[in-house]
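> Got a structure for you, questions after.
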Amino acid sequence: MGYNQGMNTSELIMKYPLLEKMINKEEVTWINDRKLSCEDWKNIVSVSQKDIDEAESLLRRFAPFIQKAFPETASTNGIIESPTVEIPAMKKALNQNLRGKLLLKLDSELPIAGSVKARGGIYEILKHAEDLAMAHGMISREDDHSLFADERMRSFLSHYSIHVGSTGNLGLSIGIISAALGFDVSVHMSADARQWKKDLLRAKGARVIEYEGDYAAAVSQGRKMAAEDPNSYFVDDENSINLFLGYATAGRRLARQLDEMNITIDHDHPLIVYLPCGVGGAPGGIACGLKHVYGDDLHVYFTEPVNCCSMLLGVMTGLHENICVQDVGLSGKTEADGLAVPRPSKLAGHIVAGILDGIMTVDDSRLYDYLRQLWDQEGIFIEPSSCAGFAGPDRIVAADPSVNTEGAVHIVWATGGSLVPQEIREQYYKKN
Ligand SMILES: *Cc1c(COP(=O)(O)O)cnc(C)c1O
């Protein structure tokens with residue numbers, strides 16, 4: 001399916017003037033004029049709080065296995081969660097005029113995969129493992145799921161294979177958890193993927209298949225290989241409800257953390273969240289989970305690289321997965337490997353179209369400035385893709401001064417970084 005649906009690029013520009021700036025790779029801030037009230041959105045959205053709670057229950061069932069297989073999760077009893085911290089020094093450095101609180105959600109520190117993909121990716125594979133084991137009478141929902149660490153279960157799962165296409169972090173998350181369960185796992189990596197991510201995956205026991213072309217080539221080959229084998233399962237980043245649900249569990253969990261920090265969210269204390277966006281599944285799932293909890297007191301902005309603003313293109317034009325950045329002449333190439341997805345998710349785009357407050361694009365060079373600033377000000381390291389959210393507070397305060405209040409709680413979502421090797425961190429820090 002082509003994107004045009006009877007419309008060419010100049011007609012699109014006529015209808016959506018912002019597109020011209022996007023095509024010129026200028027940084028833009030798009031405000032969603034089709035945002036719905038939370039109530040109206042809930043009436044049409046396909047993902048309910050009950051679905052998300054069921055995903056959370058599955059993660060709880062697997063906690064004893066996770067704790068056994070990944071001892072670094074002992075402190076949270078096998079629950080994969082990250083801290084939320086206040087970053088006052090970064091706030092001052094970012095914008096002297098920013099009022100309210102500035103927090104950082106440290107999904108860069110999520111155990112096992114070191115990125116936001118530890119939410120969706122691990123959930124999807126655990127769900128698949130449980131489905132298989134239950135279908136073969138190997139386990140029931142009530143059984144202690146640390147059984148999944150036993151040789152008998154691993155040998156059962158070794159007859160099944162997993163395929164996934166990835167620019168890096170999704171592959172890491174799927175590869176590591178699949179190998180830990182005993183699955184035969186292949187990660188199809190695009191040319192953008194960083195070498196250390198490939199090396200790490202191989203060390204964890206995953207098969208890494210490399211492609212010259214972009215992400216789309218890696219994904220389509222993975223999909224094809226999975227389709228040829230009936231014992232095979234393809235993790236579909238563009239359309240997976242299970243990935244989405246895994247991400248969405250972040251909603252209630254963040255709410256518990258804010259409660260513990262005595263941070264109230266209400267009409268006078270709105271929560272404003274800035275999420276880096278690639279295909280849209282991770283930020284979409286998180287936004288959906290948060291919306292169910294906070295309703296109209298939540299404001300959500302996605303941030304994307306200027307060269308790969310696929311979700312903005314899809315949501316703004318309403319063409320969603322029927323348009324990709326190359327259709328309007330953008331390269332899709334970006335230093336932000338975690339965001340280098342040229343075509344937006346079908347599933348996520350339709351769900352978030354009604355809850356997004358806006359989307360902003362960020363020039364790659366800014367990512368390294370934020371990376372240095374965060375390290376210098378707070379001693380926190382995150383990877384370049386993960387820095388995109390820092391463009392948010394500034395831009396919003398400029399676009400709509402009325403949101404710049406003392407009561408506002410801004411959360412920049414850090415999405416990856418803890419697995420980055422030391423010498424690569426130093427390269428990033430020095431990069432112009
Ligand atoms: C994957 C990823 C994202 C965005 O997730 P999508 O589901 O692709 O939108 C953001 N940051 C990092 C570091 C990622 O790896």
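Bear in mind these aren't lab numbers, they're just calculated from the coordinates by the rules spelled out. Computed from a prediction, not measured in an experiment: that's the story for all the values here. Neighbour counts are summed over all protein chains in view; Cβ atoms, including those assigned to glycine, are modelled from backbone coordinates with ideal geometry.
> Can you pull the Kirkwood radius for the range 160-257, inverse mean 1/r over Cα pairs, to one decimal in Å?
13.8
> To the nearest 20 debye, what is the magnitude of the charge dipole of the range 354-432 about its Cα centre, counting +1 on the Cβ of each Lys and Arg and -1 on the Cβ of each Asp and Glu?
160
> Applying the Karplus parametrisation 6.51 cos²θ - 1.76 cosθ + 1.60 with θ = phi - 60° to the phi angles of the range 184-197, what ³J(HN,Hα) value in whole Hz is obtained for each residue in order, glycine and proline being reported as x?
These are the phi-based 3J(HN,Hα) values: 8, 10, 10, 10, 8, 9, 7, 4, 5, 4, 6, 4, 5, 5 Hz.
> If the chain between residue 377 and residue 296 were fully stretched, how many nm would it gain, using 0.36 nm times the residue separation less the Cα-Cα distance?
The span from residue 377 to residue 296 would gain 25.9 nm if fully extended.
> Give me the log10 of I(q) over I(0) for the range 276-335 at q = 0.13, 0.14, 0.19, 0.25 Å⁻¹, as the Debye formula computes it from C-alpha points; what are the numbers?
At q = 0.13, 0.14, 0.19, 0.25 Å⁻¹ the computed log10 ratios are -0.38, -0.44, -0.72, -1.03.
> Stokes-Einstein D for the range 209-258 at 4 °C, 1.567 mPa s, Kirkwood Rh over Cα pairs, in µm²/s?
98
> Longer than 32 Å from Cα to Cα, which of 42/92; 68/197; 92/204; 25/50; 105/127; 127/197 are they? Say none if no pair is.
Those over the limit are 42/92; 92/204; 25/50.
> Then there's this: Hey, what's the Cα Rg ratio for the range 150-206 versus the globular rule of thumb, 2.2 N^0.38 Å?
Against the empirical 2.2 N^0.38 Å value, I get 1.12 for the range 150-206.
> Can you pull a Stokes-Einstein diffusion coefficient for the range 113-189 at 37 °C (0.692 mPa s), Rh from Kirkwood over Cα pairs, as a whole number of µm²/s?
For the chosen part, D equals 260 µm²/s.
> Could you give the length gained by full extension between residue 141 and residue 405, i.e. 0.36 nm per residue of separation minus their alpha carbon distance, to one decimal place?
Stretched out fully, the residue 141 to residue 405 stretch lengthens by 90.3 nm.
> Determine the dipole magnitude for the chain: charges of +1 sit on the beta-carbon of Lys and Arg, -1 on that of Asp and Glu, nothing else is charged, the reference point is the Cα centre, and the result goes in debye to the nearest 20.
Here the size comes out at about 380 debye.
> Sticking with this structure for a sec: For the range 347-354, take each phi angle, set θ = phi - 60°, evaluate the Karplus expression 6.51 cos²θ - 1.76 cosθ + 1.60, and give the result in whole Hz per residue in order, putting x for glycine and proline.
4, 5, x, 5, 6, 7, 3, x
> Determine ³J(HN,Hα), in whole Hz, for all residues of the range 126-138 in sequence, where each value follows from phi through the Karplus function 6.51 cos²θ - 1.76 cosθ + 1.60 and θ = phi - 60°; x replaces Gly and Pro.
4, 4, 5, 4, 5, 4, 5, 5, 6, 4, 9, x, 7
> Taking 7 Å along the Cα-to-C-beta vector as the label spot, tell me the residue 31-residue 49 distance in nanometres, rounded to one decimal.
Modelled inter-label distance: 3.0 nm.
> Right, here's the next one. What are the equivalent ellipsoid semi-axes of the chain, built from the alpha-carbon gyration tensor (square roots of five times its eigenvalues), in whole angstrom, biggest first?
Ellipsoid semi-axes (Å, largest first): 32, 25, 22.
> Rounded to the nearest 0.05, what FRET efficiency is calculated for residue 331 and residue 18 with R0 set to 22 Å and r the Cβ-Cβ distance?
FRET efficiency, residue 331 to residue 18: 0.70.
> Sticking with this structure for a sec: Could you work out how far the C-alpha centroid of the range 360-388 sits from that of the range 307-354, in angstrom?
Measuring centre to centre over Cα atoms gives 22 Å.
> Reported to two decimal places, what Rg/Rh ratio describes the range 290-420 when computed on Cα atoms with Rh from the Kirkwood expression?
Here the Rg-to-Rh quotient is 0.97.
> Something else about it: Return the percentage of antiparallel bridges among DSSP beta bridges fully within the chain, rounded to the nearest 5 %.
In the chain, approximately 20 percent of DSSP beta bridges are antiparallel ones.
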